[in-house]
Structures are given as structure tokens and as C-alpha cells.
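Engineer: What follows is a structure written as C-alpha cells; I'll ask about it next.
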2 protein chains.
Amino acid sequence: MKSPPETPLLDTVGIPADLKRLSEDALPQLADELRAELIDVVSRTGGHLGAGLGVVELTVALHYVFDTPDDRLIWDVGHQAYPHKIITGRRDRIRTLRQEGGLYGFTKRSESEYDPFGTAHSSTSISAGLGMAVAHELAGEKRNVIAVIGDGAMSAGMAYEAMNNAGALDARLIVILNDNDMSIAPPQGAMSAYLARLASGRAYQGVRDFGKKLTSYLGEGVDRAITRAVEHARGYVTGGTLFEEMGFFHIGPIDGHNLKHLIPVLKNVRDNGTGPVLIHVVTKKGKGYPPAEAAADKYHGVNKFDVITGAQAKAPANSPSYTKVFAQSLIQEAREDDRIVTVTAAMPSGTGLDLFEQEFPERTFDVGIAEQHAVTFAAGLATEGLRPFAAIYSTFLQRAYDQVVHDVALQNLPVRFAIDRAGFVGADGATHCGAFDITYLASLPNFVVMAAADEAELRHMVRTAVEHDHGPIAFRYPRGNGIGVEMPERGEVLELGKGRIMREGSKVALLSLGGRLEDCMKAADELDAAGLSTTVADARFAKPLDTEMIRRLAQEHEVLITIEEGSIGGFGSHVLNFLAHEGLLESGVKVRPMAMPDRFIGHAKPERMVEDAGLDAPAIVRTVFAALGQQAESAARA
Amino acid sequence: MKSPPETPLLDTVGIPADLKRLSEDALPQLADELRAELIDVVSRTGGHLGAGLGVVELTVALHYVFDTPDDRLIWDVGHQAYPHKIITGRRDRIRTLRQEGGLYGFTKRSESEYDPFGTAHSSTSISAGLGMAVAHELAGEKRNVIAVIGDGAMSAGMAYEAMNNAGALDARLIVILNDNDMSIAPPQGAMSAYLARLASGRAYQGVRDFGKKLTSYLGEGVDRAITRAVEHARGYVTGGTLFEEMGFFHIGPIDGHNLKHLIPVLKNVRDNGTGPVLIHVVTKKGKGYPPAEAAADKYHGVNKFDVITGAQAKAPANSPSYTKVFAQSLIQEAREDDRIVTVTAAMPSGTGLDLFEQEFPERTFDVGIAEQHAVTFAAGLATEGLRPFAAIYSTFLQRAYDQVVHDVALQNLPVRFAIDRAGFVGADGATHCGAFDITYLASLPNFVVMAAADEAELRHMVRTAVEHDHGPIAFRYPRGNGIGVEMPERGEVLELGKGRIMREGSKVALLSLGGRLEDCMKAADELDAAGLSTTVADARFAKPLDTEMIRRLAQEHEVLITIEEGSIGGFGSHVLNFLAHEGLLESGVKVRPMAMPDRFIGHAKPERMVEDAGLDAPAIVRTVFAALGQQAESAARA
Ligand SMILES: [Mg+2]
Ligand SMILES: [Mg+2]
């Protein structure tokens, strides 16, 4: 394989209009070249590979048949949209994917008119598409709206809500169910079993019946190629499928890698379809790249890799990842305590619960992409005396916010929340940023909210959460590797609402919550060197606050900085509120709460995002100097 | 009708154990007495009537057949649980329903061991029940878990997520689908149409096939009464129903008012069922009380009423409700601007959008109980240049938090959020309290967040939102009636981030956001009278802040109070953050942010909840005096 590959036909296709000039016969070659290009791109940039490989033909077919961007094409989640990006005017930048200043790893409205809706979190496409379709109807415009959604994303309630509404509204909406039987983890839930039954041909009706039904939907002028396409796959699904009961016309399953089948189906739907239609397309994740086909889960998200061997570059890891520390610590505790059970929403390996599951399969519950259910399910487990850990990324826990408030906090149930990917997450960018959890959790009565400053702290917090039966408790930790501290044999139970002093000074106090502690230590070195004796404290708890420590920091220092990798309204706000009510602000102490700025931060390496946000060591030094009315000369040197 | 009615049999039933001593033949009389008692209770307390009337027989049957509280019975939403409360040891307090210190209007764990899970927000019961069922399996206990869920609640994605997971886990879970074809509004969505088809008998299989299937599920020892029960209703649903595809065994529809049918079905499932089962029960909302049967929507939630005539007491309303002001203002704007469209999640009358719909049916979308979809659907509408208003109560918008973050704020789409029931809501209590919206919205980049201090302000904010096309904008307003200010002919476009000074003073500044302004004015009178010259300002905007005004308030006063009817992390925190970064706290100004306390406030009249929270005029006065180090003598007199 050459790198970059030779792609004579693809080189003629800058945008979909170029594609439309090709004859249908040329499309398979185009798809091959697009696939080769995709493999080469991702081998250099890293990112999502398997999903994109699975939709190469579908991407070509959709842009060939539909009139994008006037027709609206929405890729659910968007991690399968790299081929789409290549043929929608972004090929010149495609090797900047997921790099700072480069293309985003998901679809993004500000990036291209061919991205009518930004995606990243799962299962939004049908709702957004329905909104568009309804708007077109109100405007009297005839456009097509196509939402491409994976089988895994179909387990989310939001997709169901949208299907339920679309079926009732009878809007002109095309849903393409991309059934590759593998989202990130093997799919969970009855729906995926149902799709498997459909795809296996256990529920087909005869050719004649399907023909009749098709004619009733598409009219007498229907192209017979559509029946050949479905016939080829395995037959026809029976009337009365779940999707038909939901008000959709249902076509499929059809072979998503066969352009001769895809194109006539799409054309017929385009020209003759009216109400909502679901086209069930079966694809293979990783299609066309043997290493990815063989191990679809390993090629979901990849590092840079060698195209010939498929070997992925490994980032040098001197310290264990926080994810792994969480999993190992919890496994250790679970050996002592059989009340510990775990819940994940389709992220067993991302959260480390795959390791837990190896040892405790009966005590691990993967509920699918279904965060709302995950949290209330955990609440149900807690009512029966179990000690459930719901391990959900900060950004995804947003989807279960009401369940956290209404089912957990209000009832004061001891659900443990292990919040991975808190703070900046790097290449996945703003859509995945763990910005808001401190704010939305610490404002809830009954909650205990902790943040781990390093991997040893995380181990303590796991143990602390195990032992906390009085109500809900959450602990957040960053993406990536620990900082290399010595690990305790086993975690200790931390005293609730007690922080720790890391170094003592007299003029400046840096009060850190979570992963910013290391930069506080660096900043303190510099401040000390500049003659500003600096105390550094790790709050450990956003709630309850260590009021005794905070009082002392405020009373005994001229400057008090709070810092957290989170939005406004979180830890710093709680500290300010406390200080205000205690009258501790009136002594003249210069308090500066450092938090994420009031804008979304673009994707880049995490350390660059921290810098961009003004939360790194030089920024801390600058803030201290500014508070003291001095030029931050030393900061400028840093 | 006597009041209270004579209920000789019911008088013998304090708890379900008493019920079990009755013969089956006595149950219809018990149900009649329970119904009479319920009508009498609600005629005195107000509250939810129709839903409870519909499940009288079901309540009796469930407690007769199952072994509560060892078996777990969960009432989804919980507003239909008054009959359940009456026969589970709470009859002596039933006439305190929804009164301060009295029984809660929904189920509540702390109220009774017969309430294993607190409900209020819709569609949580299956998730919670599944958690319990799994816990029982892990513990090796054989208990029954029964979740009773209405057809309306089935439109929520959360219910689907739970069904999907339950079907896959094959847990011992009994879901009773209480199909009364009417949640609060007429049901929306394809699912409800599907249920109607099921109930209408258009999709039944023969008796023989059903018998076979039943035997395969319940074993050969199955009581033949179960087939009689289903036979009586209309026949048998076909194999391959949507629920069966989801992994549930599906029985029904059966007549939910016929104890002779309910009891054998429940007994058979209890004794012989194994995996998840869904029993489709058809009931009539308002059953047995003619006025409620005739107008189910009007008797969903009622004021006190006359049992004989059904006439409901009307609260004297001198001022229009905020809900109505919102609706009328938006209707007025929509006459000028056909880009205005509205979205509600199954609350057309609660939000006032029923009025909007009367004039603009094509521009009103009721998506069902589906807040997640509602918000992203609105985002889709916004991408096409429409001006969507998503009208959702503060407490329910929590369920769409991720969609607000990810689909609206991140993409900076101009979705307008009309947030009704912001702050304390009275009898609906803590589960419905609009506490968190300022915190969870004002922390989001791109958002504009307003709060209306009175009904004229609300009108201005509606207009302001209409004209704001640059990004998302929200405005919150309280439950209940306005304060009687003069209404402008039409709203004006407010300048973004500009508050208003209501009265000028020199020593104390009260900075209010939203509905607490009136109490600030009262407090200012008292403070002035005590010699403390007081400025009162209405911030109007939680975001962006009126930094110029806040700076002036901080610089020119000795005390600065912020006040809002919301949690910590909101407006007051934003003000403190601003003051801290500007160095404005170091002058010695005494800042006191007043917000809801760190606990959930029990149901009571709204003004009592405000008092309990320490947010009324006397509390403001006390806070000012405390800040000044003085005894709040005048406050004590207030
Ligand atoms: Mg998949
Ligand atoms: Mg209903």
C-alpha cells in the first residue's frame, strides 16, 4: 500500500457536485479509493476508523443520490463522518483531523455547510432531523432530511422519543439505521437482539406481500431495482415490525456495502417517499481493512498505526491511567464487599468496567447507551442495600441530570458516581469536555462531591465512596494518566469535607480542587522564588467544603486563589459564597476564583486546552501578580 | 352523597394485611368505598383526582394479590397513588394531602415503607423497579417488583431505555401498562396510536395460539381464569407485539375495572411468571365520578370542589397568571412573525401553549413526555431559520440538560426557553421545585438568561427572546399570578445585560433577580424606616451581568445583597465571581448572596416555602442587619 494512496478518481471529487458527474459504474472504484484514503488518514491522525470504514459506500450513495447540502444529511454521533468530510470540500485539511486548529472529529456546523447539525453525543440525529423536516414543511420547501443512526444509538431513549414523534407527525424524514452490530461495546438490550432477528431473516414476509406494500408507499412507478436490493439481502421483513408500529415505513435489511442495492433504494425513497421511512442497512464495522474487521472494538478509536501491520502506536505511559486506577481500586474493594455492583452506559472499556466485569460478571451491568436509565437503575439497586457505582463520563452524565436530581439526590440514595473524563479531554474537544459536573452536582442537596488530584487520591476516593452509605457521592478524575505518585496498597476512607495542605506559605494561598494541583505546585515554586511565600492546598471536596481550612487560608493570606478544571458555579463559587456569608471577604483578602472561561474551548492536546483556558501554572502566577497589582514578570519568563 | 361517606368495609382495612383477610367477593364493595373516600378527600384537599379514580380496582387487586411491602410496588409519576395511600396506613392523614406538613402528593420513601421509590417526574418506575429486581436476584430473594406506568409516560425515552434493558436482562419484573389514553393532555406520538390499535382489537391472535403461548410462559398449571380475563376484554394480542419484540411477555388488554379479571391474571403472573412481563390494563380516567369521566383533562389536577355538582373552587385571581401572560404575549408576537413556533412536552395547558395552539395549530408541536427530544427538535427548527420557543417547566427542563448543553449552547442556536414554574411551586413540593435552572443555564457559554420580576417584565422578555437570533436565550417566571402591575400594550426589546434601578438609596443595595423583587421593595421600606437608606435593583439578566450597575452598587453601598429563588451556583455566584475578579470585594463591602438553602424544601404554600428558605422580606432585613453587625430588631417586629 502506498502512502498516501493513489486515488485518481477521488482526486476529481472535491464536493458532492463532482460526484454526481460520475456514472454509477464508477462508484465502486471511488468507494475503494475513499476507503484507502480514509485508512491512510487515520493511520496518521488517529481517531475513529472502524465506523468510517463501515459507511464508505453509504456515504458515496447518499451524496450521489441526494442533493446535499440543500438536502440535510445528519450523521448521528459523527465519528463515522470522516469519509463524508473527505468528499465535502475538506480533503485538503483531512490530515489535520483532531489536531489543534484542524478538522473536528465529529460533524460541526461551523466547519461546513454539509454539516447541518453538529453531533458527538449519541442519538440526537432523529430529533434534529425532524425539526428540520417540519421547518421545511412549514416553509413549503421540498427537501430531504436524512439521519444516519447506528444500532447502538438506538438504545438511547432520545432516539425513541424522536421516532415516536416522527411517526405521529408523518413528516418527510429518512432514517437510515446503520446496523453494524457493534457501537463501541457489543450492543446491549432487547432492541439489538431484535435487530439481529430482523437481519437474520427470521421474520420475513414473502416477495409478493412486500411488493404490494412497497407500491402502496412508493406508488406504481416504483423502480423494481428496490425489490432486487432487498431480495438480495435476505428477504423482506414482516409487516408489523417495531418500526412500522412506530409509524415508519420500513425497508430492509439491505447490504450497505453494495452500491447497486443502495442507490436504487435511496432513489426510490427520494422520488416517491412521503412520510417517515426507516431503511435498515447492514454494514460491517472496519469493512475493507482486515485488522479492523477482525477486531472491530480495537479499531473503534485508534492511535496512529502502521497501515501494513495494523500495529497501533502506543503512547508512552509511565503512570497508570486514572481509568485503570479506578477499576483496580474498585475490584480490590469488591473482593471484600459483595454489595458493590457497577453500572455502565455502553462504555465498559472506556470506564474500565470491562476489567471489573472480568472478575465480577454478575455484578456488572451494561445498560446500553441509556444514561437516564443507568442512573435510576442504580438508584433502584441502592434502595435494596447494594452499593452501586455508576461509572459515566462527566459529559455523558449530563444526559441523566434529572435522574441525578430527582431519583438520587432528592431521595438521598447512596449511588456512587465515578466521573471519568472530568475537565478537558483533548482531541474529542468541546462536545466531550467535562466542564459542568462540579456545578451541576455540588448545587444539589445531599450530595458529596470529590475530585482526585492524583491517582493515589483516586484510590482513596473509591474507598471513601464504598463506605459512604448516607447519600449520593461523586468523585471526578481526569482523562489520561496519573502523575506518578506512589500508590497506597489500599485506599483509605477520607474524612468528609476535609482537604489537605500540601505546602505552607504566608502570603499567597492556592486552593486547588482536582487535577490542577500539580500546576499549583509549579506555580508555588515560582511564586516562592519571586519572594511570595505560597501555601498550596488540595480541597479534595467541592462539597462539603473544608470550611475550617478555607477560613484559615482566607485569614492568613493576602491572596487566595481557587482553581478547578470546571465551569463557573462550581467549587470557586461555593468557596466565595462561604466566605461572603462568614464576612471573610471584608478583611481585604484578594480572592480570585479560577475556572473555565465563558466559552467553549476547541480541541487540542489537553495541556494546550488548559493553557488556552488560562488554568496552567503561568496563568496562576499571572493571576497572583495581577491581584497584587504587580507585573507578572516571572510569569512572562515561564 | 354523605361527606365523609360511609365506608364500613374500608374502615376495616388499615394496611394491606387487612385487605388480604377479605374474601374476593367483598372486593368490589371495598373498591366502591375507596372510590367514594377518594372523591371526598380530593374535594377537600384538591390535587390529582382522575388518575386515582382510574386505578381504584387496580390498587385493590395489586395489594390483594401481592405481598407489599415485601413485594415492591412502584407507581409511576405517583399522582395516581392516593388510593394506594389510603390503604397503606395513611388514611388517618389522607385529608392532609398536599398541605404543609401533610402527606405528599406523590409517593415518597420517607413517608411509608409501602412507597419503595419516590416518584413525581414521569417514567422512572421501570428503571427503579429493574434495579430492585436485579438486586433481589443477586441476593437470591424471590420478591415481586411491580411498576405501574401510564400510557403517556411510555412516550418518554427513559421508559424505553428501561424496557430495552429489562428485556435483555430477563429479570423478574412486572410492568403494568395503565392505558387510560389520557395522561395530562391527550396522548401524543406513535406509541399511543399503537396502544389504541392494540386496545381496539385490530391485532389479535386466536384463543388457541394465545393459550399455547401462555402455557409456555406460565406452565401447564396456569389458571384458566386468566384466559377468560383476556377473552372478556377483546381477544388476544398477536405475537410479535412491540413489547414482545422488546423481550417482555405481553398479556392483555384486560379490563382494569373488573376485579374478576384482574385478580386471576395477577395471581398467575405472581405464581408462575419468571422473566419480564407487561400486563396491558385498560382503565378509564375519572372512573366512577361522572364529572371526571366526562372531562378527564379538567379533573387531572383539581382545586377543592363540590362533590355533588363537580364545581371546582376558583382561587380569586386579580392578576393574570404568568402562564397566561406568556401565552398571550407570544400569540401577539406570533401574529407579526410567522417564524415563531412552539414546542411543548405534553404540557399544552400547563404552559399556556393550548392558547397558542388555538390560534396557530400548525405552529404548535406537542411532542409527548419527551423533553430530550423536545429541545433538540427545537434546535433543528432553529437551524432552518425558525424562531422556536420551547416552553418547559424548570424542573422538567432538567431532563433535557444535555440537549441544552450539547445541541443548543455548543452550536449557539437561537432556541428560546420559556421556563415556567421557576422557584418554589407550592403543593407539588420538592420534586417539582424550579431550583436549579439559573445554575445549570447561566454556566453555559452563549446563553442569555433572564428572570421576570413581574408580569410586565415577562411580556418584555418574550419580545426580547423573539428578537434574539444570536444564540440561545431563556427566561424564567414563577408559578401563579402576577403582582398586578400595569401591562404594556406590547413588550419592548430589553437591552441585553442591563438591569434597572427601582429605588435609590445610599447604604444598602438589594440586587434581585426575578420574583423576589417585591419582597426586596418591602424590605427596603423597612430598612429605610430603620435609617438604612436602601437601593433596590432588578438585575433582569443572570447572564450577561449588568457589570456597570453591579460595580456601582458595590462601590456606593456598605451592604450588597443578591437574592434569587434558585440554588447556589446561580446569579449570586456570578455576581461574586465578577466582583472578585474586579477586585471590588476588597473595599470592604459586605456582600451576602441569598439563595435557596442546601436542603430540599417540603411542600407548603409557596409563600411559606419562601419563608422556610429564608428568602422573604423579613429574612432580607435580617441579613442586612446581621451583615452590619446589628440586631435585626425591626425584622423581629415584622
Ligand atoms: Mg453499531
Ligand atoms: Mg394515560
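Quick note: the coordinates plus some simple rules give every number you see, no bench work behind them. Everything numeric here is computed off the predicted structure, so don't read it as measured data. All Cβ positions, glycine included, derive from the backbone under ideal geometry; neighbour counts span all protein chains shown.
Engineer: Order by neighbour count: A:98, B:500, A:416, fewest other Cβ atoms within 10 Å first, most last.
Structural biologist: Details: A:98 21, B:500 15, A:416 26.
If I rank by nearby Cβ atoms, fewest first, I get B:500, A:98, A:416.
Engineer: Now a separate question. In segment A:146-172, which residues have a backbone nitrogen under 11 Å from the label point lying 7 Å from residue A:274's Cα in the Cα-to-Cβ direction?
Structural biologist: The answer is none, because no backbone nitrogen lies closer than 11 Å to the label point.
Engineer: Kindly write out, for segment B:254-263 in residue order, the coupling ³J(HN,Hα) from the Karplus curve 6.51 cos²θ - 1.76 cosθ + 1.60 (θ = phi - 60°), rounded to whole Hz, with x marking Gly and Pro.
Structural biologist: With the stated coefficients, segment B:254-263 comes to 10, 6, x, 10, 10, 5, 5, 9, 4, 5 Hz.
Engineer: Okay, next question. State which entries of B:324/B:522; B:260/B:284; A:85/A:298; B:304/B:605; B:298/B:324; A:142/A:267 exceed 19 angstrom in Cα-Cα distance in the structure shown. List each step's numbers first, then the result.
Structural biologist: On the way: B:324/B:522 26 Å; B:260/B:284 17 Å; A:85/A:298 23 Å; B:304/B:605 15 Å; B:298/B:324 17 Å; A:142/A:267 15 Å.
B:324/B:522; A:85/A:298, as the Cα separations exceed 19 Å there.
Engineer: Residue A:528 versus residue A:20, label points 7 Å from Cα toward the beta carbon: distance in nm?
Structural biologist: With each label placed 7 Å out from Cα toward Cβ, I get 6.8 nm.
Engineer: Can you give the local net charge around residue B:70? Use residues other than it whose beta-carbon is closer than 15 angstrom to its beta-carbon, Lys and Arg +1, Asp and Glu -1. Before the final figure, lay out each step's value.
Structural biologist: Numbers: positive: B:20, B:72, B:142, B:143, B:172, B:270; negative: A:384, B:67, B:71, B:113, B:115, B:141.
Residues close to residue B:70 contribute a combined charge of 0.
Engineer: If I take every Cα pair under 8 Å that is 6 or more residues apart in segment A:364-481, average their sequence separation and divide by the length, what percent do I get for the relative contact order? Mind dumping the intermediate values first?
Structural biologist: Working: 210 pairs, mean separation 33.0, N = 118.
Normalised by residue count, the contact order of segment A:364-481 is 28 percent.
Engineer: Residue by residue through B:120-128, how many Cβ atoms from other chains fall within 10 Å of the Cβ on average? Let's see the in-between values first.
Structural biologist: Working: counts 3, 7, 0, 4, 11, 2, 4, 13, 13.
Mean inter-chain Cβ contacts per residue within 10 Å come to 6.
Engineer: Quantify how strongly other chains surround peptide B:593-602 by giving the mean number of their Cβ atoms within 10 Å of each of its Cβ atoms.
Structural biologist: 3
Engineer: Quick one: which residues, 5+ away or cross-chain, put their amide H under 5 Å from the amide H of residue B:479? H built at 1.01 Å from N.
Structural biologist: Placed amide hydrogens put B:421, B:422 under 5 Å from residue B:479.
Engineer: Can you tell me how segment A:382-479 classifies by the Cα gyration tensor, rounded, prolate or oblate, using a/c under 1.5 as the rounded cut? Numbers along the way, then the final one.
Structural biologist: Numbers: a/c = 2.11, a/b = 1.35, b/c = 1.57.
It comes out oblate by the Cα gyration axes.
Engineer: May I pose another question? Distances in nm, one decimal, shortest first, from residue A:308 to the same residue in every other copy, taking the label point 7 angstrom along Cα→Cβ.
Structural biologist: 9.8
Engineer: Then there's this: Could you tell me the center-to-center distance, by alpha carbons, between segment B:5-46 and segment B:158-182 in angstrom?
Structural biologist: Segment B:5-46 and segment B:158-182 have Cα centres spaced 29 Å from each other.
Engineer: Let me ask something else. Any idea what the residue A:362 label distances to the other copies are, label 7 Å down the Cα→Cβ vector, nm, shortest first?
Structural biologist: Nearest to farthest, the other copies are at 6.2 nm.
Engineer: While we're here: Along Cα→Cβ at 7 Å, what distances in nm separate the residue B:338 label point from those on the other copies, shortest first?
Structural biologist: Reported distances to equivalent positions: 6.9 nm.
Engineer: ³J(HN,Hα) across segment B:151-165 via Karplus (A = 6.51, B = -1.76, C = 1.60, θ = phi - 60°), whole Hz, x for Gly/Pro?
Structural biologist: 5, x, 5, 6, 7, 7, x, 4, 5, 5, 4, 6, 4, 4, 6
Engineer: Can you pull the mean other chain C-beta count within 10 Å for peptide B:364-372? Could the numbers behind the result be given before it?
Structural biologist: Numbers: counts 0, 5, 2, 9, 4, 2, 8, 3, 13.
That average works out to 5.
Engineer: Express the relative contact order of chain A as a whole percentage, based on alpha carbon pairs under 8 Å and six or more residues apart in sequence. Could you put the intermediate results ahead of the total?
Structural biologist: On the way: 1378 pairs, mean separation 68.1, N = 638.
Contact order relative to length: 11 percent.
Engineer: OK, next. Where does chain B land at 222 nm, in deg cm²/dmol rounded to the nearest 500, when only DSSP H runs of n ≥ 4 count, each adding -39500 (n - 2.57), divided by all residues? Present the calculation step by step, with values, prior to reporting the outcome.
Structural biologist: Working: 26 runs with 245 residues, N = 638.
So the helix-based figure for chain B works out to -11000 deg cm²/dmol.
Engineer: Tell me which A residue has its C-beta closest to the axis rotating A onto B, and the distance in Å?
Structural biologist: A:157, 1
Engineer: Could you give the nm distance between label points at residue A:2 and residue B:359, where each point is 7 Å from its Cα heading toward the beta carbon?
Structural biologist: 6.7
Engineer: So, in Å, what gap is there between the alpha-carbon centers of segment A:578-614 and segment B:348-387?
Structural biologist: 37
Engineer: Follow-up. Within the protein assembly as shown, what percent of beta bridges assigned by DSSP are antiparallel, to the nearest 5? Kindly include the intermediate steps, with their values, before the conclusion.
Structural biologist: Details: 24 of 133 bridges.
Beta bridges within the protein assembly as shown, antiparallel portion: roughly 20 percent.
Engineer: Give the peptides B:458-467, A:558-567, B:290-299 in descending order of average Cβ contacts within 10 Å, highest first.
Structural biologist: On the way: B:458-467: 23.9, A:558-567: 26.6, B:290-299: 17.5.
Highest mean packing first, the order is A:558-567, B:458-467, B:290-299.
Engineer: Give the long-range amide H neighbours of residue A:118: residues separated by 5 or more places, or on another chain, with amide H under 5 Å away, using H modelled in the peptide plane at 1.01 Å from N.
Structural biologist: Residues meeting the criterion, in which the H sits 1.01 Å from N, are A:109.
Engineer: Same structure, new question: Sorted from fewest to most neighbouring beta carbons within 10 Å, what does the list B:274, A:376, A:241, B:351 look like? Each step should come with its number before you reach the end.
Structural biologist: Details: B:274 13, A:376 34, A:241 21, B:351 28.
Result, fewest neighbours first: B:274, A:241, B:351, A:376.
Engineer: Could you pull out every residue, at least 5 positions away or on a different chain, whose amide H is within less than 5 Å of the one on residue A:340? Hs are placed 1.01 Å off N in the peptide plane, and Pro or chain starts have none.
Structural biologist: The answer is A:387.
Engineer: Just add up the charged neighbours of residue A:577: K/R +1, D/E -1, any other residue whose Cβ is under 12 Å from the Cβ of residue A:577.
Structural biologist: Neighbour charge sum, excluding residue A:577 itself: 0.
Engineer: Would you order A:357, A:371, A:141 from fewest to most other beta-carbon atoms within 10 Å of each residue's own beta-carbon? Show your work: numbers first, answer last.
Structural biologist: Values: A:357 20, A:371 33, A:141 10.
Ascending number of Cβ neighbours within 10 Å: A:141, A:357, A:371.
Engineer: Once phi is turned into θ = phi - 60°, what whole-Hz ³J(HN,Hα) does the Karplus curve with 6.51, -1.76 and 1.60 give for every residue of segment B:286-300, x standing for Gly and Pro?
Structural biologist: In residue order, the calculated couplings are x, 2, x, 10, x, x, 6, 5, 6, 9, 4, 5, 6, 10, 5 Hz.
Engineer: Tell me whether segment A:424-507 comes out rounded, prolate or oblate; compute the Cα gyration tensor, take square roots of the eigenvalues as a ≥ b ≥ c, and use a/c under 1.5 as the rounded threshold. Before the final figure, lay out each step's value.
Structural biologist: On the way: a/c = 1.38, a/b = 1.10, b/c = 1.26.
It is rounded, given that a/c, with a ≥ b ≥ c, falls under 1.5.
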